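Accompanying notes for the structure given below.
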Amino acid sequence: MVSGSLVLAAPSQASAPAPAAKTVTGTHPTWATHAADQGTAPSSARFTGTVYLAARDQAGLAAYAQAVSDPTSAQYGKFRSADWVRTTYGPTDASVAQVKSWLTGSGLSIVSSSWHAITVSGTSAQMAKAFGAPIHDYRVQGQEAHAPAANVVIPASVANYVYGVVGLNSALGSHAKPDSVKVNTTAAGAGSKAGGGLPTTATCSDYWGQKKATGAPAGYVKGAVPFDQCSFVPSQLRKAYGITATGLTGKGARVAIVDAYGSPTMQADANTFATAHGDKAFRKGQYTEDVTPAQWSNQDACGGPAGWAGEEALDVEMVHGLAPDANVVYVGANSCEDADLSAALANIVDNHLADVVSNSWSEIMHTTDQGDMTKAQIQAYEQIFEQGAIEGIGFGFSSGDCGDQSPTAAATGANCQTDTPRAQVGYPSSDPWVTDVGGTALGLADKAGKYGFETSMGTLRSALSADGKSWSPLPGTFYFGGGGGTSEDFAQPFYQKGVVPSRLSHTLMTGQHSATAQRVTPDVAMNGDLYTSVLVGMTTDGTYSEGGYGGTSVASPEFAAVQADAIQAQHGRAIGFANPEIYQRSLHGDFRDVINQAAAHHQAPLSNVADFGVISGSLRVRLVAFGEDTSLQAVRGFDTATGVGSPTASYLRSFLWKNWSSGLSH
């Protein structure tokens with residue numbers, strides 16, 4: 001974890017004790033009970049697992065990552081190469097070779113290897129020889145599963161070089177998932193009238209309040225209610241967030257996007273989308289991909305390439321749309337499992353593929369079905385994030401679309417994990433070493449994209465009755481909301497001190513008081529509400545089409561593009577881990593403080609009518625209340641719904657000023 005002070009211990013003069021064999025607790029999951037045991041897995045079955053390698057100096061790695069990221073440090077901005085990080089803090093070549101020798105000596109085959117991790121495959125017998133436990137089959141909650149019959153044991157000869165093993169058991173709990181949802185339709189214009197006076201073909205507005213639903217019954221407000229805005233295109237977002245005014249285009253910056261798998265038509269789709277909406281297609285060599293289809297796995301559990309194609313298109317097109325001259329590399333993980341996603345991230349830092357990395361996926365840390373995030377997996381991610389910070393690479397993650405991710409929210413939310421036992425933040429977005437990007441609902445003042453207002457991303461939703469005379473339920477139920485809150489797992493990082501209110505950092509999401517200050521999320525926020533959606537183009541079954549998408553999956557690539565524009569502003573110099581400068585700049589007014597406008601003025605919730613027209617013979621009309629994000633509140637100052645707020649032209653221009661972070665005003 002990030003700490004507030006740096007203390008380096010002197011090397012011990014005593015002889016180090018001889019290593020002993022190490023039992024890796026938690027590798028035999030609690031659901032793998034004797035009653036559920038179906039015996040040793042068939043000899044023909046093969047399994048994979050990932051061994052995480054310990055850094056030679058983990059404390060030193062974290063300390064330098066903080067020093068190079070802290071504007072008050074003498075080492076601030078003195079970024080280093082990937083090779084320097086490995087040779088200074090990583091495992092030695094000899095120790096990596098020794099771990100490989102242990103694994104292959106047990107009969108296992110090496111699937112992939114880096115100084116972070118080694119992935120292996122083998123039979124149950126080979127796994128038993130290597131890890132001291134055979135793989136057994138289990139039947140749990142009506143599902144077939146497999147797991148080691150006991151906790152894994154690392155032999156003494158390599159115990160000091162290994163800190164964790166993952167992937168040997170079936171993941172019955174959570175997987176990483178995209179933080180986005182597709183909107184039914186984005187057609188504009190009004191058609192013939194149905195009962196209640198509403199049109200039967202979808203109606204949307206070019207900007208907030210342009211068209212109003214006069215035939216709908218009164219809802220959260222009296223009188224006519226605005227129709228939903230048509231899905232935004234990049235040129236509107238560039239103007240709304242001040243990018244157009246700065247003239248910045250991300251030139252000279254590199255942005256990486258990480259999702260699972262990969263679409264074979266991604267570049268063609270992005271080019272079609274860009275030119276259709278008045279922007280430039282990718283130049284030759286501006287867009288590249290790093291995907292390995294032959295190694296894709298867990299496609300049934302993860303949704304396969306088709307299940308991630310919309311997310312990929314959204315991410316690529318948002319980055320290109322808001323930073324049209326930035327180089328973009330898409331890095332497709334081999335599955336939605338953490339071991340594969342962290343391997344994709346490791347590839348980026350080991351080969352310095354980018355300056356900014358956008359990740360529009362997340363998962364909860366604590367589940368009801370023994371799918372909790374392991375300490376080994378968290379350490380694996382943090383080692384990568386810390387290496388990235390030292391190299392000048394910043395990581396952004398979407399905060400999630402289920403508000404406080406409580407069971408109550410999950411009962412009605414559109415993009416929630418139902419196995420959540422309590423209100424909690426997501427991961428990796430809540431890690432202290434990443435920028436957690438939350439969501440807002442953006443209202444435009446004109447068709448071109450003039451900024452009108454923002455409120456927190458959080459919607460209640462009601463349906464119009466068949467006779468068009470009432471809404472049900474009223475008030476509506478929670479449907480969609482940006483993630484955030486106080487982490488029960490991570491202490492307050494140094495950059496949040498003095499900015500995040502004590503009442504937030506010391507109050508857990510369960511309502512319990514924390515004696516220690518904790519990490520609070522999100523850090524920043526941008527447009528992502530499902531009912532202020534963005535337009536995305538993609539090819540499905542050979543046909544290109546466009547549709548609206550919403551979610552903090554929109555906000556993450558939006559902010560990554562803003563960071564690429566900021567890198568151009570400071571003449572190509574990397575920003576690195578962004579949070580320390582984000583929080584400093586927030587004190588100078590470079591972020592727009594997003595609040596729940598209605599609540600701030602003691603008014604009824606801001607509302608509109610989302611009209612999808614007639615679908616399958618039924619009129620699909622919804623009454624939506626904005627700014628209603630479960631227990632998360634958008635108030636003045638830092639808050640758990642929108643963090644420090646949304647970036648402005650002032651934020652981008654601040655990077656043009658020399659020595660800004662040394663304290664000079666601008």
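How many angstrom lie between the Cα centre of segment 419-449 and the Cα centre of segment 15-74? Using only Cα atoms, the two centres lie 29 Å from each other.
If you wrap the Cα atoms of the chain in a convex hull and average its projected area over all directions, you get 29.9 nm². Segment 239-269 and segment 138-165 have Cα centres lying 40 Å from one another. Each Lys or Arg adds one and each Asp or Glu takes one away; over the other residues whose Cβ falls under 9 Å from the Cβ of residue 449, this sums to +3. Annotation: peptides 632-642, 525-535, ranked by per-residue average of other Cβ atoms within 10 Å with the highest first, follow the order 525-535, 632-642.
Pairs with C-alpha atoms separated by more than 28 Å, drawn from the list 211/450; 182/222; 212/469, are 182/222. For the peptides 432-439, 266-273, 71-78, 546-553, residues were scored by their other Cβ atoms within 10 Å and the scores averaged per peptide; the highest-first order is 432-439, 546-553, 266-273, 71-78. Segment residue 44..residue 25, full-extension length gain: 4.1 nm, with 0.36 nm per residue of separation and the alpha-carbon distance subtracted. Pairs of Cα atoms nearer than 8 Å and 6+ residues apart set the relative contact order; for segment 563-645 it is 27 percent. Compute the accessible area per residue over the chain, keeping the other protein chains in place, probe 1.4 Å, unit Å². That works out to 37 Å² for each residue.
Farthest towards the positive end of the charge dipole of the chain, among the residues 81, 48, 449, is the Cα of 449, using unit charges on the Cβ of Lys, Arg, Asp and Glu.
Legend: Rg and Dmax of segment 412-521, from Cα coordinates, 18.0, 57 Å. Considering segment 232-379 at the alpha-carbon level, its Rg and Dmax are found to be 16.5, 50 Å. Each of 361, 296 has its accessible area taken with a 1.4 Å probe; listed largest first, they run 296, 361. Our compactness index for segment 312-407, the C-alpha radius of gyration over the empirical 2.2 N^0.38 Å, is 1.17.
Working from Cα pairs under 8 Å separated by at least six residues, relative contact order for the chain is 17 percent.
Ranking 412, 432, 151 by Cα position along the charge dipole of the chain, where only Lys, Arg, Asp and Glu carry charges on their C-beta atoms, puts 432 farthest toward the positive end.
Quick check for me: using +1 on Lys/Arg Cβ and -1 on Asp/Glu Cβ, what's the dipole size of the chain about its Cα centre, in debye to the nearest 20?
Working: 39 positive and 55 negative charges, 211 e Å.
Dipole magnitude for the chain comes out near 1020 debye.
Looking at segment 236-290, the pairs of alpha carbons with a distance over 19 Å make up 41% of the total. Residue 424 sits among other residues whose Cβ lies under 13 Å from its own Cβ, and their net charge, with Lys and Arg +1 and Asp and Glu -1, is -4.
Over all directions, the projected convex hull of the C-alpha atoms in segment 499-573 averages 9.2 nm² in area. How much of the pair distance distribution for segment 73-176 lies past 19 Å, counting alpha-carbon pairs only, in percent? For segment 73-176, the share of Cα pairs beyond 19 Å comes to 54 percent. Helix 304-322 and the long axis of the chain differ in direction by around 70°, with both axes built from C-alpha atoms.
About its Cα centre, how strong a charge dipole does segment 216-286 have in debye, to the nearest 20, once Lys and Arg get +1 and Asp and Glu get -1 at the Cβ?
360 debye
Based on DSSP H runs of at least 4 residues, each adding -39500 (n - 2.57), what is the mean residue ellipticity at 222 nm of the chain after dividing by all its residues, to the nearest 500 deg cm²/dmol?
Details: 17 runs with 161 residues, N = 666.
Value at 222 nm, helices only, nearest 500: -7000 deg cm²/dmol.
The lysines within cross-link reach of residue 129, meaning a Cα-to-Cα straight distance under 19 Å and a gap of 8 or more places when in the same chain, are 22, 100.
Could you sort 291, 500 by their accessible area in this structure, using a 1.4 Å probe and putting the largest first? Write down the numbers at each step before the final one.
On the way: 291 45, 500 15 Å².
Order by accessible area, largest first: 291, 500.
For segment 622-632, backbone phi angles converted through the Karplus equation (6.51, -1.76, 1.60; θ = phi - 60°) give residue-by-residue couplings of 10, 9, 10, 10, 8, x, 10, 9, 6, 7, 7 Hz, Gly and Pro being listed as x. In straight-distance terms, cross-link reach from residue 78 covers every one of the lysines whose alpha-carbon lies under 23 Å from its own, apart from those fewer than eight places away in the same chain; here that gives 251, 658. Expressed as a whole percent, the accessible surface of the chain that belongs to carbon and sulfur atoms is 52, based on a 1.4 Å probe. Relative to one another, the C-alpha centroids of segment 298-371 and segment 469-538 are positioned 22 Å apart.
The values are calculated or read from the model by the stated rules, or taken from the named source; none is laboratory data. None of these values were measured; they are calculated from a predicted model. When we count neighbours, we look across all protein chains shown, and the Cβ atoms used for this are built from the backbone with ideal geometry, even at glycine. What goes into the accessible areas is simple: the full protein's heavy atoms, side chains included, and nothing from ligands, DNA or RNA. Shrake-Rupley method; radii C 1.70, N 1.55, O 1.52, S 1.80 Å.
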